[in-house]
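Here's the structure, in structure tokens; my notes come after.
The values are calculated or read from the model by the stated rules, or taken from the named source; none is laboratory data. None of these values were measured; they are calculated from a predicted model. Neighbour counts run over all protein chains shown; Cβ positions are idealised from the backbone, glycine included.
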Amino acid sequence: MSLLEKFIQKIKENNPNEPEFHQAVEEIAESILPFIEENERYQNKKLLERIAEPERIIMFRVPWVDDQGEIQVNKGYRIEMNSAIGPYKGGIRFHPSVNLSILKFLAFEQTFKNSLTTLPMGGGKGGSNFDPKGKSDAEIMRFCQSFMAELYRHIGPNTDIPAGDIGVGSREIGYLFGMYKKLANEFTGVLTGKGLEYGGSLIRPEATGYGVIYFVQNMLERIGESIDGKSFVISGSGNVAQFAAEKAIELGGKVLTLSDSSGYIYDENGIDEEKLEFIKQLKNEKRGRIKEYTEQYNDAQYFEDEKPWGQKCDIALPCATQNEIQKEDAQKLADNGVQAVVEGANMPSTSEAIHIFRNSGMLYSPGKASNAGGVATSGLEMSQNSLSLNWSREEVDQRLKDIMTDIHEQCVKYGKKGDEIDYMKGANIAGFVKVAEAMLAQGVV
């Protein structure tokens, strides 16, 4: 049995029935264990074993009353994964699929992602199996207040700074922050993704999507190409997908698809600024379905219960959810000669899909590198809160560009193989080194 197999076997024994967490750890271990074997400094310190074990797991019930006066009960979680380089930092997700495995995988990934930003942020993640879809504002407020009534004991501006994630936007952050402020009796930068009126940062909603495109830009510039004229297939239609599409269009790209859980739209003429604005209103204000796009633009096609990965394009951006690209989807992308797959979601590709990407010769970036723009801008919001300053849109955007360029450079440094770059290996090792060095400096704690 190889060192990797022994390591993963131990992870599975210690964390049974957590497939998403196993997948995330194995993806990292494939790169890190050989690196440790080659570097005596990191040997016999159980560094990866320690990183893969959360420092703290908080689980709690969330009772709340719906509009019919019925008491409902949900589960609440916060995974405080690693604080070696800073306070825990990571989103809160409200979605029926939320469980311990998914949150541990997200917190584990977040540790490496935050390390890549070079900002002083550790890794964490939290959430609930509460589904905000179909709930009234009053129900969502009552749920958020009950959730924070327990969570507030465990977070703080120098301890753990949550942000938004799937199902947690500016509305939910506002309700959570209001309850924290009341319970803690202090106005601090304990949450990011806040409204501009009370300490939020410009560019935060756009940051993950913009950051994905800035990373694509760096990848293409390295090989002497640009985004101008490239065609994009994008999954999802939330913030990440919308703003990745916006920035791609701005830089001369042609966006062909967007999707939701019911299917995807394909517009061979390209989704331009006007069409994208329609989608933003449809999804953000009306909370409608993506298929309504074809009612407005008759030349577009709608594919129900399908994913867009069979459509020909230059660049594929999975921006929806974990494991949305399966082995057969990856093969379609490879067969169509896709130049690059750049992840906007967290772990949207299965292990089998990633092997196809890496063996096909296409450029591939894992989410921990290419979608780090969101948490990077959360870090910039933390800085603004600490300094009691508000930076301009241009200043935040430039800092975001610089961070994504720096992440790309780290991936190149640790992933270079001849003339090619293994972005997955580069991102994993670069993220590991900073955390490992901090852990070595702090002793066995």
Listed by range, strands (runs of 3 or more DSSP E) wholly within segment 1-99 having at least 1 residues that are touching a strand residue (DSSP E or B) at 6+ places or on another chain (Cβ under 9 Å), hydroxyl-bearing (Ser, Thr, Tyr) and modelled with pLDDT of 95 or more are 71-82, 88-94
Kindly evaluate residue 224 against the criterion of being surrounded by fewer than 24 Cβ atoms within 10 Å (Cβ to Cβ), in the same structural domain as residue 320 (by TED's automatic domain parsing), at pLDDT 95 or above and at positive phi.
yes
Filtering helices (runs of 4 or more DSSP H) wholly in segment 152-260 for at least 1 residues that are touching an Asp or Glu at 6+ places or on another chain (Cβ under 8 Å) and in contact (Cβ under 8 Å) with a residue 40 or more places away in the chain gives 207-222, 239-250
Answer yes or no as to whether residue 74 is crowded, with 18+ Cβ neighbours inside 10 Å and among the polar types (S, T, N, Q). yes
Notebook entry, point to check: Does residue 150 qualify as being on the phi < 0 side of the Ramachandran plot, at pLDDT 95 or above and surrounded by fewer than 24 Cβ atoms within 10 Å (Cβ to Cβ)?
Noted result: yes
By residue number, the members of segment 35-48 that are in contact (Cβ under 8 Å) with a residue 24 or more places away in the chain, more than 22 Å from the chain's Cα centre (by Cα) and surrounded by 12 or more Cβ atoms within 10 Å (Cβ to Cβ) are 35, 42, 45, 47
Filter segment 261-285 for residues that are part of a loop (DSSP other than H, G, I, E, B) and in contact with an Asp or Glu (Cβ under 8 Å, 6 or more places away or on another chain); the one that is farthest from residue 301 (Cα to Cα) is 262
Cβ pairs under 8 Å, 6+ apart or interchain, first in segment 55-69 and under 30 Å from residue 81 (Cα atoms), second among the basic types (Lys, Arg) and exposed (fewer than 14 other Cβ atoms within 10 Å of the Cβ), ordered by first then second residue, are none
Going through segment 330-354 in order, the residues found to be of a type outside the set (Gly, Ala, Ser) and either modelled with pLDDT under 95 or crowded, with 23+ Cβ neighbours inside 10 Å (or both) are 333, 338, 341, 342, 343, 346, 347, 348
When every residue in segment 266-288 that is modelled with pLDDT of 95 or more and of a type in the set (Lys, Arg) is compared, the one surrounded by the fewest Cβ atoms within 10 Å (Cβ to Cβ) is 280
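Conditions (1) of a type in the set (Gly, Ala, Ser); (2) in contact with a Pro (Cβ under 9 Å, 6 or more places away or on another chain); (3) not assigned by TED's automatic domain parsing to the domain that holds residue 149, marked per residue:
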residue	(1), (2), (3)
177	no, no, no
199	yes, no, yes
211	yes, no, yes
220	no, no, yes
Of the listed residues (79, 102), the one being β-branched (Val, Ile, Thr), touching a Leu at 6+ places or on another chain (Cβ under 9 Å) and under 30 Å from residue 423 (Cβ atoms) is 79
ask   = Quick one: would you say residue 232 is among the aromatic types (Phe, Trp, Tyr) and crowded, with 20+ Cβ neighbours inside 10 Å?
value = yes
Checking 58, 32, 28 in turn, the sole residue that is within 20 Å of the chain's Cα centre (by Cα) and surrounded by 17 or more Cβ atoms within 10 Å (Cβ to Cβ) turns out to be 28
Within segment 100-135, of all residues that are part of a helix (DSSP H, G or I) and β-branched (Val, Ile, Thr), the one surrounded by the fewest Cβ atoms within 10 Å (Cβ to Cβ) is 102
